[in-house]
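A.B. asks: Starting off with a structure, shown below.
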2 protein chains.
Amino acid sequence: METLDILMDMAVIILFAKFFALLARKLHAPQVAGEIIAGIIIGPTLLNLVQTTDFLNEMAELGVILLMFSAGLETDLRELKKSGLKATLIACAGVFLPLILGTLLYMCFYGFDVAGSPEFIKALFIGTILTATSVSITVQVLKELGKISTELGMTIMSAAIIDDVIGILVLTAVIGMKDPSSSILLVAGKTVLFFVLAFFAGIVLYQVMKRIDERYPHTRRIPIISIAIAFIMSYVADRYFGVADITGAFLAGVILSSLKDSEYIERRVDINSYTFFGPVFFASIGLQTNLRTLDSTILLFSLAFVVVGLLSKIAGCGGMGRILGYKGKDALRIGVGMMTRGEVALIVTQRGLKAGIIGSEYFTAVILLIVISSLLTPLLLKALFTEKTA
Amino acid sequence: METLDILMDMAVIILFAKFFALLARKLHAPQVAGEIIAGIIIGPTLLNLVQTTDFLNEMAELGVILLMFSAGLETDLRELKKSGLKATLIACAGVFLPLILGTLLYMCFYGFDVAGSPEFIKALFIGTILTATSVSITVQVLKELGKISTELGMTIMSAAIIDDVIGILVLTAVIGMKDPSSSILLVAGKTVLFFVLAFFAGIVLYQVMKRIDERYPHTRRIPIISIAIAFIMSYVADRYFGVADITGAFLAGVILSSLKDSEYIERRVDINSYTFFGPVFFASIGLQTNLRTLDSTILLFSLAFVVVGLLSKIAGCGGMGRILGYKGKDALRIGVGMMTRGEVALIVTQRGLKAGIIGSEYFTAVILLIVISSLLTPLLLKALFTEKTA
């Protein structure tokens, strides 16, 4: 009776994940880090209580899709338009510098290779992991400091969101390159076609959902239809256009983010996420990480990865801020505000693992980056904002 | 990439289930019926859009456990104690008459067999399906009629709850009998042992949860720990005591039903249920039902099953009501109030299918009973209550 076993697996996962998430919060670390550590503890590294199964992988898959859909729903399109060019430039610099430096870092460790080779794509992928800032952690810190509605706060927030979008585009391109049979041109063509079609489908879907939402506000059908749209867009993106499924889910979220009930949808999605799908996703990352197999090269690489990850964002975003006319300290604030990494970095890593581009040993580096950046950012931002008001 | 397919399966299931649930509500039928019909439509009977997969079965399994946990949470122990003996007697009569008549019905159709034989257990199982009244439908109708707080209403409600508990006990006994290697005595012994241990574990768990709840009311950890308890009790019941897992989930619900936050827990469980697990469970019943393979015997049996199901409850509960001193019309009201069937009847059927006692063709009979009883009860109760106030 193997269906019975999933009950025990789920019970162990949600209990440990919750316990370590709470512990993490107590230590001012992100809860996500706690859930991953829970996975490491119940996984092959330590207790070996739960093994990865098809069922857990599929639950984790739904979890990722729901997380990215929720991230898309949080996007405020009007805000994005307002802060416009400045934020976009900061975001671009904050994507491309880490992308290039991350790629170079891998090459320094494991050797340079010709463009297009598997090793080159792997290097590029390591860079890709470094691109996405974690919006949620940045927002939380700015809120706590009461700086969220300042011009600087708004710019950081918008840049963090745009940064996600560009990061997803980079991911889509890199994953697309992986298939050796496809030419870069074909990949680019299919990707562009997907975004064009998604744009028009988005207009139609938004209008339809807006009408349904106006007629039946706050009813269960709103989140249910929305989730179905997210699932279908993920499926279509991956199956027919070779675009990462999480891109489809994120876009579905962006499309529905202007609905009156977008918060209502997000709340329902989140309740589903936090109870089962989220903990299973983050714990399953821990389950797939076997720290016993780590060697010293990976450890050294992980440390370098963290340093490059943090400094490249500070230099990229802060440097662009300086170019755009922000004063030294404000530019530094922007850079530090943008250096946190979170769920999206993990999701990108997991996608690379699934696509066979990188191995699971890189989870260690990413987890380290998330934990360290999430702990450092609040401390540094606090220091930078309170020391002397600029 | 089969994990991708689950996205499409889930999208189709939640969309169709929601659409037909809404349609059912418009036609004053229970929404559950709509979700089952959605499953029949997307399943092998008609469109063949979705096939049952391991993943869907496992999601459905979690769905059943959550449903029964939620049903347990709704149990009001204090109310039960108050209405006490009267309701218990009505419930007993309402369990045993349908059980006996259902068993006889199967024997009339398919022949009598010696006690303990597979055919005998199958007959007994058909009777078992008829035992559980659907609390939710009864409650909803009484609420709409404004009769929920009358003495009669309270008695019906309490009887419906006790009836669930006795029904679960009967199910546990019948499923236990199925294993040919186990003696009835051993089964009974293990079952009694489980309930005794669950009683003591329940006291401890309740005290622990009460303390956690008082310290951290309305926090996410409350529903998460509660759900983990439900999963673990289900697992332990089935694996170590041969007791149906849903019994464990129901008991976990009963244990936690007196918590201050029991409604908060129920609400979180329900949001998880209604979005994914519930629709998957009910639709998967439709997916397992292939109406194309129905023969005339099953159809005839199904009709007889519905008639016996309705009349045996009216006679059992109404008759006992009459014995306890209720006037003719009040006794009839009790009988009609107790004749609705719902989720629990389906869950019992599904358990029988899983244990290899009955075939999936009996879903038709059960679905018919649920739909007809849920449509008839409101109409008859309305007529009985408004015609002349007794």
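A.B. asks: Select from the stretch A:252-274 the residues that are at pLDDT 85 or above, part of a helix (DSSP H, G or I) and buried (at least 20 other Cβ atoms within 10 Å of the Cβ) and list them in ascending order.
C.D. replies: A:ALA252, A:GLY253, A:VAL254, A:ILE255, A:LEU256, A:SER262, A:ILE265, A:GLU266, A:ARG268, A:VAL269, listed by residue number.
A.B. asks: Could you please find all residues in the stretch A:93-120 being assigned to a helix (DSSP H, G or I) and farther than 20 Å from A:VAL306 by Cα?
C.D. replies: Answer for the stretch A:93-120, where residues must be assigned to a helix (DSSP H, G or I) and farther than 20 Å from A:VAL306 by Cα: A:PRO118, A:GLU119, A:PHE120.
Table: residues versus (1) at pLDDT 80 or above; (2) touching a strand residue (DSSP E or B) at 6+ places or on another chain (Cβ under 7 Å); (3) not aliphatic (A, V, I, L, M).
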| site | (1), (2), (3) |
| --- | --- |
| A:ILE162 | no, no, no |
| A:VAL165 | no, no, no |
| A:VAL170 | yes, no, no |
| A:ILE175 | yes, no, no |
| A:SER183 | no, no, yes |
| A:LEU193 | yes, no, no |
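Table: residues versus (1) away from chain B (no Cβ under 14 Å); (2) part of a helix (DSSP H, G or I).
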site	(1), (2)
A:PHE19	no, yes
A:ILE37	yes, yes
A:PRO44	yes, no
A:LEU47	yes, no
A:VAL50	no, no
A:PHE55	no, yes
A:MET59	no, yes
A:LEU66	no, yes
A:SER83	yes, yes
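A.B. asks: Write out, first by first residue and then by second, each pair whose Cβ atoms fall under 6 Å of each other, whose residues are 6+ apart or on separate chains, and whose first residue, in the stretch B:2-15, is more than 7 Å from chain A (Cβ to nearest Cβ) while the second is at pLDDT below 95 and surrounded by fewer than 19 Cβ atoms within 10 Å (Cβ to Cβ).
C.D. replies: Taking only residues 6 or more apart or on different chains, the pairs are B:VAL12/B:LEU49.
A.B. asks: Also, quick follow-up: Among the listed residues A:SER262, A:SER257, A:SER360, identify the single one that is under 30 Å from A:MET209 (Cα atoms), under 18 Å from the mean Cα position of the chain (by Cα) and among the polar types (S, T, N, Q).
C.D. replies: None of the others qualify; the one that does is A:SER257.
A.B. asks: Moving to a separate point now. On the basis of being hydrophobic (A, V, I, L, M, F, W, C) and more than 26 Å from A:PRO223 (Cβ to Cβ), does A:LEU294 make the cut? If you could, list the steps in order and put the result at the bottom.
C.D. replies: Working: hydrophobic (A, V, I, L, M, F, W, C): yes; more than 26 Å from A:PRO223 (Cβ to Cβ): yes.
Taking the combined requirement at face value, the residue satisfies it.
A.B. asks: Count, please, the residues in the stretch A:226-238 that happen to be surrounded by fewer than 22 Cβ atoms within 10 Å (Cβ to Cβ) and either more than 7 Å from every other protein chain (Cβ to nearest Cβ) or closer than 13 Å to A:SER262 by Cα (or both).
C.D. replies: Matching residues across the stretch A:226-238 total 1.
A.B. asks: Now for a separate question. Does any residue in the stretch A:239-258 that is within 12 Å of another protein chain (Cβ to nearest Cβ) and within 15 Å of B:ALA11 (Cβ to Cβ) come within less than 8 Å, Cβ to Cβ, of a residue that is buried (at least 24 other Cβ atoms within 10 Å of the Cβ) and among the aromatic types (Phe, Trp, Tyr) six or more places away or on a different chain, and which pairs are these?
C.D. replies: If the second residue must be buried (at least 24 other Cβ atoms within 10 Å of the Cβ) and among the aromatic types (Phe, Trp, Tyr), the pairs left are A:ALA249/A:PHE69; A:ALA249/A:PHE231; A:ALA252/A:PHE69.
A.B. asks: Given the residues A:GLY352, A:GLY321, A:GLY286, which is the only one that is in contact with a Phe, Trp or Tyr (Cβ under 6 Å, 6 or more places away or on another chain) and either at pLDDT below 90 or away from chain B (no Cβ under 14 Å) (or both)? Spell out the reasoning first.
C.D. replies: Values: A:GLY321 fails: in contact with a Phe, Trp or Tyr (Cβ under 6 Å, 6 or more places away or on another chain); A:GLY286 fails: in contact with a Phe, Trp or Tyr (Cβ under 6 Å, 6 or more places away or on another chain).
Exactly one residue qualifies, and that residue is A:GLY352.
A.B. asks: Also: Taking the stretch A:23-35 as the region of interest, how many residues are surrounded by fewer than 16 Cβ atoms within 10 Å (Cβ to Cβ), of a type in the set (A, V, I, L, M) and either closer than 16 Å to B:THR219 by Cβ or within 12 Å of another protein chain (Cβ to nearest Cβ) (or both)?
C.D. replies: Narrowing the stretch A:23-35 to residues surrounded by fewer than 16 Cβ atoms within 10 Å (Cβ to Cβ): A:23, A:25-28.
Imposing the further condition that a residue be of a type in the set (A, V, I, L, M) reduces the set to A:23, A:27.
Then keep just the ones that are either closer than 16 Å to B:THR219 by Cβ or within 12 Å of another protein chain (Cβ to nearest Cβ) (or both); that gives A:23.
Count: 1.
A.B. asks: I need the full set of residues from the stretch B:345-381 which are in contact (Cβ under 8 Å) with a residue 12 or more places away in the chain and within 21 Å of B:GLY318 (Cβ to Cβ), in order please.
C.D. replies: B:ALA345, B:LEU369, B:ILE370, B:ILE372, B:SER373, B:SER374, B:LEU375, B:LEU376, B:THR377, B:PRO378, B:LEU380, B:LEU381, listed by residue number.
A.B. asks: Test of understanding: among A:PHE109, A:PHE120, which residue is out of contact with any helix residue (DSSP H, G or I) (no Cβ under 6 Å at 6 or more places or on another chain), under 30 Å from A:GLU361 (Cα atoms) and surrounded by fewer than 23 Cβ atoms within 10 Å (Cβ to Cβ)?
C.D. replies: Checking each option against the conditions leaves just A:PHE120.
A.B. asks: Of all residues in the stretch B:259-276, which are touching a residue at least 12 places away in the same chain (Cβ under 8 Å) and at the interface with another protein chain (Cβ under 7 Å from one of its Cβ atoms)?
C.D. replies: Listed by number, the residues that qualify are B:ARG268, B:ASN272, B:THR275, B:PHE276.
A.B. asks: Residue by residue through the stretch B:197-224, note down the ones that are within 14 Å of chain A (Cβ to nearest Cβ) and either over 19 Å from B:ASN272 (Cβ atoms) or part of a helix (DSSP H, G or I) (or both).
C.D. replies: B:LEU205, B:VAL208, B:MET209, B:ILE212, B:ARG215, B:TYR216, B:ARG221, B:ILE222, B:PRO223, B:ILE224
A.B. asks: Scan the stretch A:43-57 and tell me whether some residue there is surrounded by fewer than 24 Cβ atoms within 10 Å (Cβ to Cβ), modelled with pLDDT under 90 and under 25 Å from B:TYR216 (Cβ atoms).
C.D. replies: Scanning the stretch A:43-57, I find no residue that is surrounded by fewer than 24 Cβ atoms within 10 Å (Cβ to Cβ), modelled with pLDDT under 90 and under 25 Å from B:TYR216 (Cβ atoms), so the answer is no.
A.B. asks: Take the conditions surrounded by 23 or more Cβ atoms within 10 Å (Cβ to Cβ) and at pLDDT 80 or above and apply them to B:ALA198. Does it pass?
C.D. replies: Here the answer is no, as B:ALA198 does not meet what is asked.
The values are calculated or read from the model by the stated rules, or taken from the named source; none is laboratory data. Remember, predicted model here, so these are calculated numbers, not experimental data. With ideal geometry, Cβ positions are generated from the backbone for all residues, glycine too; neighbour counts draw on all protein chains shown.
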